[in-house]
Every structure is written in C-alpha cells, then in structure tokens.
Amino acid sequence: MTQFSLVLSAIWRRPLRSVLTVLGVGVALGTFLSFQSLAWGLENNWSGLYRDKNTDLIVTQDTTFAGTVSQNVGDVLRGLPGVGTVAPLLWGLSTVDGQGGVPLTGWDPDAATLSRLTVRGRRFGPNAREALLGAYVARRLGKAVGDVVLIGGQQIKVVGVFTSDNVLEMQSVYIPLTLFQRLRGTPGVVGGFYVAVVRGKDEKATRATITMVSREIKARFPELATDRTEDFARNNEVVGLTRTTAWGMSVIAFVVAVLGVVNTMSMAVLERTREIGLLRALGWRRRRVLGLLLSESVLLTMVGGGLGIALAIIGLRLLARDPEMRLLAITGSPPRFYAETIAMGLVLGLLGGVLPAYRAARISPAEALRYE
Amino acid sequence: MGRNVVDRRADLVAVRGLTKVYDRGTVQALRGVDFVVHPGEVVAIIGPSGSGKSTLLNLLGGLDRPTSGELLFDGVPLAAGRDTDRFRATRVGFVFQTFQLLPTLTAVQNVQIPMFEVERAPGRRRAKAEALLRLVGLPHRMRHLPAQLSVGERQRVAIARALANDPALILADEPTGSLDSRAAAEVTELLGTVNRQRGTTIVIITHDPDVAASAHRVIQMRDGRIVAGNAA
C-alpha cells in the first residue's frame with residue numbers, strides 16, 4: 001500500500017461527491033479551453049485575412065478600414081523604395097438583401113486578393129455594378145451566380161461565388177472599389193492600403209525591407225496607422241474584445257471552480273476529522289496529512305482537466321460541423337492551450353485544497369479523536 | 001495478562017506535577033499528578049468517569065500538552081519543541097476502545113498506517129504488517145475489511161497496528177470496553193503476551209477488574225488526582 005492508494009481510497013469512498021467535483025472542474029476548464037480556442041480561432045482567421053494575401057504592411061486611418069484616407073496616398077506609397085504592390089480597399093458592415101452586419105469590401109478588380117480566390121462564375125469588372133459573394137454568405141442569402149442582391153438600395157448583380165481558406169472571408173461580399181465609393185458618396189476616399197514589399201533574397205532581407213518601408217511610411221504619413229500584418233490582426237478591436245471576453249469568462253469559470261473545490265475539500269476534512277486525528281495520533285506529520293489532502297484535491301482537478309479537454313474537443317467539433325462555424329474548430333489549436341488547461345487543473349487543485357488541507361493538518365489529535 | 005519482570009531501577013515515563021486545564025480554566029482535568037512507569041511494567045489506571053484517566057493517557061502519548069508540570073519519557077522532557085510526531089510514530093502505540101480502524105482499508109493495510117513515517121518501502125511495510133497480524137492470531141484475516149471482522153478481531157488488528165513501529169510503550173484506553181467477555185479475555189491475554197515476549201510497557205485504562213488484576217500495578221484516580229496505588 002502506498003500513500004497514493006490512500007488518496008484513491010478516499011476519493012473512491014465518496015463517489016457522488018467526487019464525480020460532481022470532477023464534473024464541475026471539467027466544465028470550468030472545458031469553458032476555459034473552449035473560449036481560448038474560440039478567441040485563437042478568430043484571431044487566426046482574422047490574421048489570415050491579411051496574411052494569405054501576401055500583405056506585409058497595412059496602412060489605415062485608425063486600424064479599421066472604415067476611416068477616410070485619400071486614394072492619392074496610394075500613389076505616393078507606390079513610389080517608395082522597396083514597395084512592391086499597393087492595393088487600396090474600403091471596408092464596412094452593410095445590409096445585403098435585408099441581412100445586416102455583412103462584411104463588405106471594395107477592391108480594385110486587379111487586386112492580388114481577388115486572384116487568390118476560387119471563383120464559380122467570374123470576377124467583376126472595374127466599374128461594374130457587380131459583386132462576388134463568399135460561399136457562406138451566398139448560402140445564407142440563398143443567392144447564386146446570375147442573381148441580384150440589394151446593397152445600399154442598389155441592385156447589384158452576382159457574377160461569382162468564391163471560396164477560400166478563410167472562414168471570415170467566405171462570410172464577405174466583394175464589390176468594385178469605385179462602386180463602394182459611389183454607394184457611400186465618397187469618391188477618391190478609401191479605408192486603407194495593403195502594401196507588399198519587394199521580396200529580398202531571403203527571409204531576413206525581406207524583413208529588413210518591411211522595416212524600412214514601414215519607417216518610411218510612418219515618416220511620410222504620421223497621421224496614418226502603419227502596422228505589420230501580424231500586429232494588425234492582434235491589435236484589431238474585434239479580436240482584442242474577443243480575447244478579453246474569453247479571458248474574462250475563463251476567469252469567472254475558474255473562480256467558480258476554485259470555490260467548488262474548496263467546498264468539496266472542506267466537507268471532506270470535516271467528515272474525516274476523526275480519521276485525520278487518528279493519522280496524527282499514529283505519528284503522521286502535519287506535512288504528510290497536508291500532502292494527502294492536497295493530493296486528493298489535485299487528483300480530482302487533474303481528472304477534471306482531462307474531462308474538460310474532452311468536453312471542449314467534443315463541443316467544438318460539434319460546432320465545426322457547420323462550415324460557417326469552422327473557425328471555432330479546435331483542430332489546429334496550439335498545444336500550449338492543452339498544456340495551459342492541465343496546468344490550470346493543477347493550480348485549481350492546489351488553490352482549492354490548500355486551505356482545507358492546512359486546517360486539517362492543524363487539527364489537535366486529542367480533540368479530533370473526540371469528534372463525533 | 002501474566003507478569004513480566006520489571007526493571008524498577010529505571011523510569012520509562014516520569015510525571016511530576018502534571019496539570020491540565022480546559023475551557024479557559026473552568027475544567028481542571030488533572031490537578032498535579034506525580035507518577036512513574038518502569039520499563040516492562042503493566043500499569044492499570046482505574047477511576048470513575050471524569051477522573052482524568054483519558055486526559056493523562058493523552059498527555060503520556062503526546063496527543064495533547066499539559067498546562068503545567070513535567071513529563072519525561074526515557075529521561076527526556078516531552079515538551080514543546082520536541083518532535084512529538086516522531087515520538088508518537090516510534091515510541092508509542094495506541095489502542096482505543098472503539099478500535100479506530102480506517103473502514104475502507106483491510107486489516108493488513110490498517111496495520112501499515114503508522115509505518116509510513118518510519119519505513120519507506122511498501123514491500124517491507126506489508127511484510128511487517130503480515131507478521132504482526134500472525135502474532136495477534138489473524139493470519140487468515142489480512143485482507144478483510146473491519147466490517148468483516150468480529151469486534152475481538154478488530155481490537156487485535158488495532159493491537160497489531162499499535163506494535164507497528166516496535167514502540168516502547170503502548171497506551172490502551174479501555175481496550176476491552178466494547179468487547180464481550182470472551183473477546184475481552186482474549187485481548188487481555190494478547191496484551192499480556194506482548195508485554196512478556198516483547199517487553200513492551202503497557203499503560204491501560206480499564207473498568208475491567210480482570211484486566212486490573214493482571215497488571216503489575218493499579219493506580220486509582222479521582223477528580224484529576226492519583227488517590228491510590230502510586231507506589232512504584
């Protein structure tokens with residue numbers, strides 16, 4: 001018999017309470033993992049919007065594309081040393097066919113972004129009243145190539161339905177930049193520019209060029225925001241809000257779980273007062289009693305952590321069955337999330353068990369043996 | 001219980017002026033107790049309820065601390081600062097009236113509990129526990145839970161547990177109090193065997209006149225004092 005077998009025996013002795021504690025911890029840690037994966041998935045898809053377009057720098061008014069930047073800025077940018085391509089765009093959330101909140105982006109027809117897409121139909125012309133629908137938004141609106149959609153009170157013809165690797169992108173509608181400007185009544189104004197630098201002989205050289213171009217743009221246009229692609233996604237308000245919300249929900253779930261474990265272990269110590277007194281009477285040191293109870297607490301929460309991972313994986317995979325929700329899929333989530341979840345299980349066990357275990361170790365053997 | 005030869009030249013336990021007060025002075029459980037216990041001795045303590053017997057036993061076993069007075073074990077004070085946990089693990093064994101076995105552990109597992117602080121190897125702990133259960137006459141009950149044992153068998157497991165770390169002193173608080181006469185006689189005889197064969201000193205609280213009669217010495221307590229039988 002080992003001390004670990006004593007731990008198992010104690011947990012086994014109260015099956016209902018042990019199961020409920022594991023479930024509670026599992027739900028809490030599953031919530032943590034799910035929210036972290038959701039936020040990561042969103043951030044990953046968001047940065048993918050820019051990363052996949054071979055974009056190195058993003059120039060905007062205020063880190064969104066809804067600001068007002070003169071289209072002429074693009075000409076200046078193209079003239080800077082080290083700059084390869086400059087793509088102007090305008091972005092906003094619009095009502096399309098009565099459905100609000102649809103991401104709408106205006107592009108030049110020759111933008112590199114559009115050439116990357118797999119299009120059923122064709123791409124739009126430069127000044128045409130035509131649109132490309134992402135596959136998910138097309139499905140939601142029930143539209144196909146040749147149909148007409150209503151955008152900004154204007155009837156726009158759907159000339160193509162596109163798919164891409166990015167879930168967020170497939171929720172979007174693309175129209176010619178000039179059309180978007182007309183719909184807004186803001187000719188010559190864009191939301192920002194995607195800037196790709198001239199490729200260097202290697203990765204290091206390219207990075208150096210990016211740094212140089214970034215510095216140059218900031219010097220020329222200090223009123224504009226110039227961000228590297230990865231920073232832009234990370235600093236995005238929506239992504240930031242999602243990340244903050246995820247952490248906030250996770251903290252709440254964690255605190256509730258800690259309180260649950262404290263309650264479970266406190267009840268266990270109370271019920272086992274006499275047993276703990278006996279162990280002390282038989283020569284067990286305080287630290288051994290402390291270790292016994294902390295081990296019980298940690299074992300429960302680590303099993304809960306494993307359950308939480310399983311619950312999160314199952315839950316997110318169920319969500320991911322809907323293609324539009326695939327950004328939430330856990331597959332591809334960084335391994336550190338799993339490690340963090342297990343670590344949180346350990347911390348949860350220690351935090352939840354330390355106070356009851358400390359109290360147990362301080363019990364006077366004589367008093368405890370008299371306890372009814 | 002039988003009589004062992006007692007070495008009266010030495011004191012295993014020496015108590016001088018021992019007092020114990022509870023509840024902020026409202027309860028005086030011991031009022032200046034003086035006595036000694038010699039190695040190999042069996043001392044029975046008798047007295048009515050509330051006379052301080054169990055309090056004295058708790059103090060002798062390091063389960064509690066005296067309010068004042070001196071308690072020496074092997075000539076060393078059992079005072080604050082001494083490692084009383086180590087003392088309880090290695091020098092003292094307890095036998096309780098209600099056995100105090102852990103209900104979800106088998107007999108052989110219960111006997112191993114005191115050994116955790118002394119013996120690291122699980123195999124050696126188990127081997128010793130099995131040997132002790134054979135000593136107390138329970139070789140066929142090693143894997144039984146306490147609920148599967150008779151009351152006499154439970155107390156014998158408790159005695160085996162008390163012997164786990166070869167203590168110099170066994171403190172038994174009414175060990176036959178919950179037993180029928182036959183089981184009580186068996187347990188009394190077993191304690192005597194332990195005393196004779198291993199030289200273990202035994203201090204035993206009892207209301208059983210047979211147990212008292214078989215001790216080397218009987219001490220009578222009343223109202224927190226020793227009133228008779230303290231000649232050592």
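The values are calculated or read from the model by the stated rules, or taken from the named source; none is laboratory data. Worth saying up front: this structure is predicted, and the values here are computed from it rather than measured. We place every Cβ from the backbone using ideal geometry, glycine too, and count neighbours over all the protein chains shown.
Give the range B:34-60 a look and list any residue that's small (Gly, Ala, Ser) and closer than 17 Å to B:Leu71 by Cβ, or say none.
Those that are small (Gly, Ala, Ser) and closer than 17 Å to B:Leu71 by Cβ: B:Gly52, B:Ser54.
Of everything in the range A:71-91, what is on the phi > 0 side of the Ramachandran plot and either of a type in the set (Lys, Arg) or part of a strand (DSSP E or B) (or both)? Give them in sequence order.
The answer is none; no residue qualifies.
Please go through the range B:110-121 and give me each residue that is hydrophobic (A, V, I, L, M, F, W, C), within 9 Å of another protein chain (Cβ to nearest Cβ) and more than 24 Å from B:Ala147 (Cα to Cα), ordered by number.
The one that is hydrophobic (A, V, I, L, M, F, W, C), within 9 Å of another protein chain (Cβ to nearest Cβ) and more than 24 Å from B:Ala147 (Cα to Cα): B:Val118.
Checking A:Tyr194 against (1) assigned to a strand (DSSP E or B); (2) without any contact (Cβ under 8 Å) to a residue 24 or more places away in the chain, only one condition comes out false. Which one?
Looking at each condition in turn, A:Tyr194 falls short on (2).
I need the helices (runs of 4 or more DSSP H) fully contained in the range A:217-289, keeping only those with at least 3 residues that are crowded, with 17+ Cβ neighbours inside 10 Å and of a type in the set (Gly, Ala, Ser).
Filter on the range A:217-289 gives A:237-271.
From (1) touching a helix residue (DSSP H, G or I) at 6+ places or on another chain (Cβ under 6 Å); (2) at positive phi; (3) loosely packed, with under 15 Cβ neighbours inside 10 Å, pick out the condition that doesn't hold for A:Arg199.
(2) is the only condition that A:Arg199 fails.
Tell me, yes or no, whether the range A:23-40 has at least one residue that is over 20 Å from the mean Cα position of the chain (by Cα), away from chain B (no Cβ under 14 Å) and of a type in the set (A, V, I, L, M, F, W, C).
yes
Looking at B:Arg86, B:Arg124, which one is at the interface with chain A (Cβ under 9 Å from one of its Cβ atoms), surrounded by fewer than 22 Cβ atoms within 10 Å (Cβ to Cβ) and basic (Lys, Arg)?
B:Arg86
For the range A:1-22, name all the residues that are part of a helix (DSSP H, G or I), within 14 Å of another protein chain (Cβ to nearest Cβ) and among the polar types (S, T, N, Q).
A:Gln3, A:Ser5, A:Ser9, A:Ser18
I'd like the full set of residues that are within 12 Å of chain B (Cβ to nearest Cβ) and closer than 18 Å to A:Trp12 by Cα, limited to the range A:259-288.
A:Arg272, A:Glu275, A:Ile276, listed by residue number.
Quickly run through the range A:332-372 and pick out the residues that are β-branched (Val, Ile, Thr) and out of contact with any helix residue (DSSP H, G or I) (no Cβ under 6 Å at 6 or more places or on another chain).
Passing the criteria: A:Val347, A:Val354.
With facing another protein chain (nearest Cβ under 10 Å) and crowded, with 20+ Cβ neighbours inside 10 Å as the only criterion, which of B:Ala129, B:Ala107 stands out?
Testing whether each residue is facing another protein chain (nearest Cβ under 10 Å) and crowded, with 20+ Cβ neighbours inside 10 Å leaves just B:Ala129.
Which residue, of A:Leu355, A:Leu350, is in the same structural domain as A:Met267 (by TED's automatic domain parsing), at pLDDT below 90 and of a type outside the set (Gly, Ala, Ser)?
Residue meeting the stated conditions: A:Leu355.
Can you confirm whether B:Asp173 is within 30 Å of B:Thr26 (Cβ to Cβ), touching a Leu at 6+ places or on another chain (Cβ under 6 Å) and acidic (Asp, Glu)?
Yes; evaluated as a whole, the condition is true for this residue.
Looking only at residues in the range B:38-71 that are farther than 16 Å from A:Ala366 by Cα and acidic (Asp, Glu), which one is farthest from the other protein chains (Cβ to nearest Cβ)?
So the residue we want is B:Glu41.
For the range B:179-218, name all the residues that are modelled with pLDDT under 90 and not in a helix (DSSP H, G or I).
B:His207, B:Asp208, B:Ser214 - these are the residues of the range B:179-218 that are modelled with pLDDT under 90 and not in a helix (DSSP H, G or I).
On the given criteria, is B:Leu149 away from chain A (no Cβ under 13 Å) and not hydroxyl-bearing (Ser, Thr, Tyr)?
Spelling it out, B:Leu149 is indeed away from chain A (no Cβ under 13 Å) and not hydroxyl-bearing (Ser, Thr, Tyr).
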